[in-house]
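Asks: Below: one structure in structure tokens.
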Amino acid sequence: PVRQLSTDASRPFGGRAPSKATGAASPAAGKALLGIAPSAGGTEVVETPPAGDVAAPEKVAVDGDEEEEEEEEAADEDEDEGEEDEDKEFERALYAMQLVRFDLKVEVPVAPAVTREPKSSAHRRLLQRLRDTFAERPIWLDVALMKKLPPSVDEATLTRLLPYVAYQWIDGPWQKGFTRLGYDPRVSLDEAAPLQVLQFRDPHWNPKDDTIVDCTFRKPPAQKTQWYQLTDIQDDFVQSMVESSELEPECSKKSGWLPSFLLDALRDRLALRSQMLRERAAAKKAAQRAAARASSAGAGRGTKRRGSAVGRGGGRGRMAKKTRTGGG
């Protein structure tokens, strides 16, 4: 029996592309490997042995260690591919976040720049959680937003998912705030005023102090310059000032819906609060150090007294022994 193969030089392996193992084989090499003899009629004839003469492929025994190594290599390759996919997804998310300037009198983004849903089911559940969170409150700083999410969520995951639900202001009274797609705080004064972001430069900041960032100002700022949303600051004076303030007729880039003098008063209040919090923390540390020293000194005196008592007891024992033996 014979079968005819194409002699197309661009497909030397009978219409199949060469595998990686063979590399860029030449047509002649491919013919030699397949046992093809050139003919004059434009076709090539391959002599194939009868079916009964075809030897069955030998079974190759594979050592168990080799199988494990192959499985480990395959797992490593899958892991590397997964990491590459995550890196690409993270990079796409950075470019997908839509940024808005206050002075641009255009409509804010209403739809995400990325449309493909996350592949991971865990990420899809988290995305729904984000949508619900932004439905409750349209503007968030990242620190406050992280507190609303499960502790297992890291910043990289949040960065990947935020472009699906929010855009970000890069200046103005909501600077750095992630804002729900379609929501424009410049035309929503009552709800948007408490969500304004206050930039605070702490005159009492010390780089040796605690570095944990707190969005509520229950701790002093961890950075020289820190941003707070007014609604997050847990201070009665601040909240009463914001709630009782009359809003401006127009939203300005400098102070939003609130008067400038009010924001200055709030910064003064936060500077005073920062000083009080730092003094309170310093006094607490000093008291703890004093207590530790007193405890250490007390333990030392107790040890000394116990040693003296043992010495005196030993002396009395020796005197009694001398008396019993008639010693002088």
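The values are calculated or read from the model by the stated rules, or taken from the named source; none is laboratory data. These numbers come from a predicted model, not from an experiment. Glycine gets a Cβ as well: all are built from the backbone with ideal geometry, and neighbour counts include every protein chain shown. Surface areas here come from the heavy atoms of the whole protein model, side chains and all, with no ligands, DNA or RNA. Shrake-Rupley method; radii C 1.70, N 1.55, O 1.52, S 1.80 Å.
Asks: Only one residue in THR216, THR159, THR179 is assigned to a loop (DSSP other than H, G, I, E, B) and among the hydroxyl-bearing types (Ser, Thr, Tyr), so which one is that?
Replies: On inspection, the qualifying residue turns out to be THR216.
Asks: Report, by residue number, each residue of the stretch 139-169 that is aliphatic (A, V, I, L, M), open to solvent by 30 Å² or more (accessible area, probe 1.4 Å) and more than 28 Å from SER244 (Cα to Cα).
Replies: Correct list: MET146, ALA156.
Asks: Only one of (1) open to solvent by 70 Å² or more (accessible area, probe 1.4 Å); (2) within 24 Å of the chain's Cα centre (by Cα); (3) among the aliphatic types (A, V, I, L, M) is not met by VAL110, so which one is it?
Replies: Of the numbered conditions (1) open to solvent by 70 Å² or more (accessible area, probe 1.4 Å); (2) within 24 Å of the chain's Cα centre (by Cα); (3) among the aliphatic types (A, V, I, L, M), the odd one out for VAL110 is (2).
Asks: Output the residues belonging to the stretch 189-223 that are farther than 18 Å from ALA281 by Cα and open to solvent by 30 Å² or more (accessible area, probe 1.4 Å).
Replies: If the condition is that a residue be farther than 18 Å from ALA281 by Cα and open to solvent by 30 Å² or more (accessible area, probe 1.4 Å), then LEU189, ASP190, GLU191, PRO194, GLN199, ARG201 are the ones that fit.
Asks: A further question follows. Working only within the stretch 272-301, note down all residues that are crowded, with 16+ Cβ neighbours inside 10 Å and either basic (Lys, Arg) or under 30 Å from ARG101 (Cβ atoms) (or both).
Replies: Hits for the stretch 272-301 are ARG273, ARG278.
Asks: Could you please give the count of residues in the stretch 232-259 that are within 17 Å of GLN175 (Cα to Cα), surrounded by 17 or more Cβ atoms within 10 Å (Cβ to Cβ) and not small (Gly, Ala, Ser)?
Replies: 5
Asks: A further question follows. On the given criteria, is ILE212 of a type outside the set (Lys, Arg) and closer than 25 Å to SER260 by Cα?
Replies: So ILE212 fails the test.
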